[in-house]
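Here the structure comes first, spelled out in structure tokens, and everything after it is commentary.
Read-outs: derived from the displayed coordinates by stated rules, not from any lab. Being a predicted model, the structure only gives us computed values, none of them experimental. With ideal geometry, Cβ positions are generated from the backbone for all residues, glycine too; neighbour counts draw on all protein chains shown.
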Amino acid sequence: MLNHLPQGCTIIRTLYQGAEAIVTLCEWMDMKVVVKTRVRKGYRIRELDEYIRRSRTIREASLLSLAKRAGVETPFIYHINPAEGWIIMSYVEGENLRNLQRSSIFPHLINRLGYIVGRLHSIGIVHGDLTPANVIVSNDRLTLIDFGLGEYSNEVEKKAEDIYTLVSSLSPLPNNEALVKLFLEGYKSSAGESAIKVEERIKEISKRGRYVEKELRH
Amino acid sequence: MGEPLTCVGIESTAHTFGIGVVKHPPFQILCDVRRVYRPVSGGIHPSEAAKHHIEKAVEALQEAISKVDFKRVDIVAFARGPGLGPCLRVGAALARMLSLKLEKPLVGVNHAASHINIARVLTRASNPVILYVSGGNTQVLHASGDKYVILGETEDIAIGNLIDVFARKAGLGFPGGPKVMELASKSNRLVKLPYSIKGMNVSFSGMLTMLERLLDKEPIEKLCFSLQETAFSMLIEVSERAMAMLGVNELIIAGGVGANTRLRQMANEMCKERNAVFKDYPKEYYADNGVMIAWEGIVQYLLGERLNIEDSIVKPRWRITDVKPPPAGLYDN
């Protein structure tokens, strides 16, 4: 994958090669930047592939910017090219929250994350892929990254789904129930009135997987 | 390798009544008898399907007996769930009878795990991400240690349900899969449909609503093409996410929707792009069959599972997370 970088970028190292995008640490205009490129997927027909990459790139950039209005830390956008599917953004130094799952401060960080997600939801943004891997911890500050599956919504359902994704990603951890509780405490302290409804809906969603099984055909 | 075991497996969870016989080791299919219920109109009617199974059970058994010496059978397995209660009970009754008659242990197996393990034994996939897609299920799974982990699943209807219901509303009959696939191959025009992924979960109900609205506005070929391209892209995308997350480089598809050529082609394409392997196997084993039940019977027997006749009540809602995957190394050779 040599052609996924914008002109003028010099690669320092690949930070992450996910299923959807390649995230690279680069030097650009004498700055350390992160370049996120949504790579073309050969399995999708071109029309659908271009539509998905373009719309996700635009949406991600706009969500990253707007989240700041709620006081949620996100990378700064420097440049974007929807047709080629890349965004150039600021590099956030720090540790990935996923790597801190065994740390003693993890419960505290999950509580803080709850507070931050509450703020985000209060201005009508859902992240869409809330997992510890999408949170960078620098000193005591949490920065949310990867709004690639995010959207604008005030629907209780979408907000509950958002949190359910996080709840699912915590489920392999031994103390997951306590962590979820801490997350929700943080969430309720900042999400405003809809928090109660969102919490109820999360419980409903967690039963739905089973509901699908109940309707089983074969 | 231990002494060879022979297992007869009975499938009756939904539309297919199947009797399969498998011998292992080495893995060998001795017989594969199937009788498939086709509704006159609409979808599967549980009691009609059960009636079909009762009517076909004897001739299916006679056919199996004509091919395999049942005196050599060591284990009697049946699909205990998940599935339609009335249908499940037909297979369970036959299995209990055989177990008593042959004086061989009874093993009740999970239908979903059976789909997965027939795929694994046919492809020798030692550590795959599994995309399980059928009329009632849409899940992305991984066998981690001694349990199955569901990494992602549908938040509403199953992919096969989307296809079947759409096909029915479009007057294409049941099952919809083959007809939708055929019509889709006659178009290359895309209509925009909801592409809904949350984490590793998918949702299809919005797509179904949209397709229903477009039924008299767009050509059926175009709708079938758009349905397949959009829905399958979603499934392959979440499969790829799961592979990336786990660092796994094998993918298998299990379940009836896997018979769709386009879905398998996309899976293959995705795997090639990430230097992974899509492990395919003969199309007939994607559909429900007795062979997969027989193989899962051997797997569970080796894990120590035995079922007393008096405890052998069917489990229509049996979730795969309560089932043990095969011991590590079973598919390594």
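Can you work out D for the protein assembly as shown in µm² s⁻¹ from Stokes-Einstein, where Rh is the Kirkwood radius over C-alpha pairs, the temperature is 10 °C and the viscosity is 1.306 mPa s?
64 µm²/s
Spin-label point model (7 Å from Cα, Cβ direction): what's the A:Leu25 to A:Ser62 distance in nm?
About 3.2 nm, to one decimal.
Can you give me the distance in nm between label points at A:Ser90 and A:Arg69, each placed 7 Å from the Cα along the Cα-to-Cβ direction?
Modelled inter-label distance: 1.9 nm.
Can you give the local net charge around B:Leu30? Use residues other than it whose beta-carbon is closer than 11 angstrom to its beta-carbon, Lys and Arg +1, Asp and Glu -1.
+1
To the nearest Å, what is the center-to-center distance of segment B:191-236 and segment B:90-136, using C-alpha atoms only?
Comparing the Cα centres of segment B:191-236 and segment B:90-136, I get a distance of 31 Å.
If you wrap a convex hull around the alpha carbons of segment B:214-333, what volume per residue comes out, as a whole number of Å³?
172 Å³
Please name which of A:Ile45, A:Ile58, A:Tyr152 has its Cα lying farthest along the dipole of chain A towards the positive end, using unit charges on Cβ (Lys, Arg +1; Asp, Glu -1) and the Cα centre as origin.
Of the listed residues, the answer is A:Ile45.
Taking every eigenvalue of the Cα gyration tensor of chain A, multiplying by 5 and rooting it, what semi-axes result, largest first, whole Å?
One finds semi-axes of 30, 22, 17 Å for chain A.
Each residue of segment A:181-186 in order: what ³J(HN,Hα) in whole Hz does its phi give by Karplus 6.51 cos²θ - 1.76 cosθ + 1.60, θ = phi - 60°, with x for Gly and Pro?
So the J values, rounded to whole Hz, are 4, 4, 4, 5, 4, x.
Please list the helices of chain B that count as membrane-span-like by this rule: a mean Kyte-Doolittle hydropathy of at least 0.0 together with Cα atoms stretching 27 Å or more along the helix axis, each helix being a complete DSSP H run.
Length and hydropathy pass: B:220-246.
Based on the Cα atoms of segment B:1-84, what semi-axes does the equivalent ellipsoid have, where each is the square root of 5 times one gyration tensor eigenvalue, given in whole Å with the largest first?
Result for segment B:1-84: semi-axes of 28, 13, 9 Å.
Out of residues 5 or more away from A:His79 or on other chains, whose amide H comes under 5 Å of its own, with H placed 1.01 Å from N in the peptide plane?
A:Ile88
Counting other beta carbons within 10 Å of each Cβ, put B:Arg72, A:Arg13 in order, fewest first.
The most exposed by this proxy come first: A:Arg13, B:Arg72.
How far is helix A:106-122 tilted off the main Cα axis of chain A, in degrees rounded to 10, range 0 to 90?
80 degrees
For chain B, what log10 I(q)/I(0) values come out of the Debye formula at q = 0.08, 0.09, 0.11 1/Å, with one point per alpha carbon and no solvent?
Once normalised to I(0) and log-transformed, intensities are -0.36, -0.46, -0.69.
Need one number: nm distance between label points at A:Ser104 and B:Leu246, each 7 Å from Cα along Cα→Cβ, rounded to one decimal.
If labels sit at A:Ser104 and B:Leu246, their model points lie 3.5 nm apart.
Specify the angular offset, from 0 to 90 degrees and rounded to the nearest 10, of the alpha carbon long axis of helix A:195-214 from the longest principal axis of the alpha carbons in chain A.
Between the helix axis and the principal axis of chain A, the angle is about 90 degrees.
Taking R0 as 51 Å, what's the FRET efficiency between B:Asp311 and A:Glu193 from their Cβ-Cβ distance, rounded to 0.05?
It comes to 0.50.
My understanding is that a pair violates if its Cα-Cα distance is over 27 Å; which of B:Lys279/B:Lys315; B:Lys147/B:Lys192; A:Lys207/B:Lys324; A:Lys159/A:Lys207; B:Lys179/B:Lys283; A:Lys68/A:Lys158 do that in this structure?
The pairs that break the limit, which is 27 Å between Cα atoms, are B:Lys279/B:Lys315; B:Lys147/B:Lys192.
Which of A:His121, B:His115, A:His108 has the fewest other C-beta atoms within 10 Å, and how do the rest follow up to the most?
By the 10 Å Cβ count, ascending, the order reads A:His108, A:His121, B:His115.
By counting other Cβ atoms within 10 Å of each Cβ, how are B:Phe27, A:Phe106, A:Phe147 ranked from fewest to most?
B:Phe27, A:Phe106, A:Phe147
Please compute the length gained on full extension between A:Lys32 and A:Asn81, using 0.36 nm multiplied by the number of residues separating them and subtracting their Cα-Cα distance.
Extra length available between A:Lys32 and A:Asn81 comes to 15.8 nm.
Spit out the partnerless Cys residues in the protein assembly as shown, using Cβ distances under 4.7 Å as the pairing rule.
Those would be B:Cys7, B:Cys31, B:Cys87, B:Cys224, B:Cys271, since no other cysteine Cβ in the protein assembly as shown comes under 4.7 Å of theirs.
Ignore the peptide's own chain and count Cβ atoms of other chains within 10 Å of each Cβ in B:195-202; give me the average, rounded.
Working: counts 6, 1, 5, 12, 12, 6, 7, 0.
Average per residue, whole number: 6.
In a shell of Cβ-Cβ distance under 12 Å around B:Val238, excluding B:Val238 itself, what net charge do Lys and Arg (+1) and Asp and Glu (-1) give?
-4
How many Å³ per residue does the convex hull of the Cα positions in segment A:10-90 occupy? Please list the in-between numbers first.
Numbers: hull volume 7.8 nm³, N = 81.
Each residue corresponds to 96 Å³ of Cα convex hull volume.
Evaluate segment A:95-214: find the radius of gyration of its Cα atoms, find its Kirkwood radius, and give the ratio Rg to Rh. Provide the component values of the computation, followed by the final result.
Working: Rg = 13.6 Å, Rh = 14.3 Å.
We get a ratio of 0.95 for segment A:95-214.
Tell me, what is a quarter of the convex hull surface for the C-alpha atoms of segment B:127-278, in nm² with one decimal?
8.3 nm²
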